[in-house]
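S.K.: Below is the structure I would like to discuss, written out as structure tokens.
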């Protein structure tokens, strides 16, 4: 069974609807592996609480279990958003242990274990959607946005009527093109940022307060 078929399985569907727009929201950071999700989570926490979420690595699927912090308050002038922030494992269509061996130099045992845990992490990320009020979807602004992963994630988040804010990350790279992301997904706000350097995170926070403060119903299937 393919990883993305889990999105459509009824066993993870919620019976009750949740009303979005409450003062305390649970926001998930989602996206493919190595787009900077944990780097962004660390940036948000450092700037608003002095804490961090977790470690980062150049090897994909460093985050293989969801991590979260509670009661984070971000301000936008006279408005604010109090949230629980969930850093989810990267979502991928295929996870091959040989990639960890051939590309990143892990031994066979380490590679098999990482691939197994990464696959479990994808499933966990999807399960978390049942308890999420909104999503910061991190994309790599240096790459083609029309990947199977990006399109599938957005399609399923839209089907759930979850508010989406796209963080076009790695804007500090010369080849970054946030305009391409904006034109690819014009139905959602896109904020160009560098989670690594902190570039334009103030705009991201302002948009989070405005976008995730709107009332809307989450449609469950």
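The values are calculated or read from the model by the stated rules, or taken from the named source; none is laboratory data. What you see is a predicted model; the values in this text were computed from it and never measured. Neighbour counts run over all protein chains shown; Cβ positions are idealised from the backbone, glycine included.
S.K.: Would you check which residues across segment 41-51 are crowded, with 21+ Cβ neighbours inside 10 Å and out of contact with any strand residue (DSSP E or B) (no Cβ under 6 Å at 6 or more places or on another chain) and list them? So that I can check it myself, show each step before the final result.
M.R.: Taking segment 41-51 as the starting set, the residues that turn out to be crowded, with 21+ Cβ neighbours inside 10 Å are 41, 43-44.
Of everything in segment 41-51, those that are crowded, with 21+ Cβ neighbours inside 10 Å and out of contact with any strand residue (DSSP E or B) (no Cβ under 6 Å at 6 or more places or on another chain) turn out to be 43, 44.
S.K.: Taking the residues in segment 148-172 that are under 22 Å from residue 87 (Cβ atoms) and more than 15 Å from the chain's Cα centre (by Cα) as candidates, determine which candidate is surrounded by the fewest Cβ atoms within 10 Å (Cβ to Cβ).
M.R.: Ranking the candidates gives 172 first.
S.K.: In addition: Right, residue 193: modelled with pLDDT of 95 or more, buried (at least 17 other Cβ atoms within 10 Å of the Cβ) and under 16 Å from residue 30 (Cα atoms) or not?
M.R.: Yes; evaluated as a whole, the condition is true for this residue.
S.K.: Whether any residue in segment 35-47 is more than 23 Å from residue 79 (Cα to Cα) and modelled with pLDDT under 90 is what I want to check.
M.R.: Taking segment 35-47 first, the residues more than 23 Å from residue 79 (Cα to Cα) are 35-39.
Next, only the ones that are modelled with pLDDT under 90 stay: none.
Within segment 35-47, none of the residues are more than 23 Å from residue 79 (Cα to Cα) and modelled with pLDDT under 90.
S.K.: In segment 125-147, which residues are under 13 Å from the mean Cα position of the chain (by Cα) and closer than 19 Å to residue 84 by Cα? Explain how you work it out, then say what you get.
M.R.: Of all residues in segment 125-147, those under 13 Å from the mean Cα position of the chain (by Cα) come to 125-126, 128-129, 132-140.
Within segment 125-147, 125, 126, 128, 129, 132, 133, 134, 135, 136, 137, 138 qualify.
S.K.: What number of residues within segment 55-86 satisfy the criterion of being touching a strand residue (DSSP E or B) at 6+ places or on another chain (Cβ under 9 Å), buried (at least 18 other Cβ atoms within 10 Å of the Cβ), at pLDDT below 95 and closer than 15 Å to residue 138 by Cβ?
M.R.: Summing the residues that are touching a strand residue (DSSP E or B) at 6+ places or on another chain (Cβ under 9 Å), buried (at least 18 other Cβ atoms within 10 Å of the Cβ), at pLDDT below 95 and closer than 15 Å to residue 138 by Cβ in segment 55-86 gives 1.
S.K.: Say we look at segment 170-184 and pick out the residues that are out of contact with any strand residue (DSSP E or B) (no Cβ under 7 Å at 6 or more places or on another chain) and assigned to a helix (DSSP H, G or I); which of these is nearest to residue 92 (Cα to Cα)?
M.R.: Step one: of segment 170-184, the residues out of contact with any strand residue (DSSP E or B) (no Cβ under 7 Å at 6 or more places or on another chain) are 173-177, 179-180, 183-184.
Next, only the ones that are assigned to a helix (DSSP H, G or I) stay: 179-180, 183-184.
Numbers: 179: 24, 180: 21, 183: 23, 184: 20 Å.
So, considering only residues that are out of contact with any strand residue (DSSP E or B) (no Cβ under 7 Å at 6 or more places or on another chain) and assigned to a helix (DSSP H, G or I), the one nearest to residue 92 (Cα to Cα) is 184.
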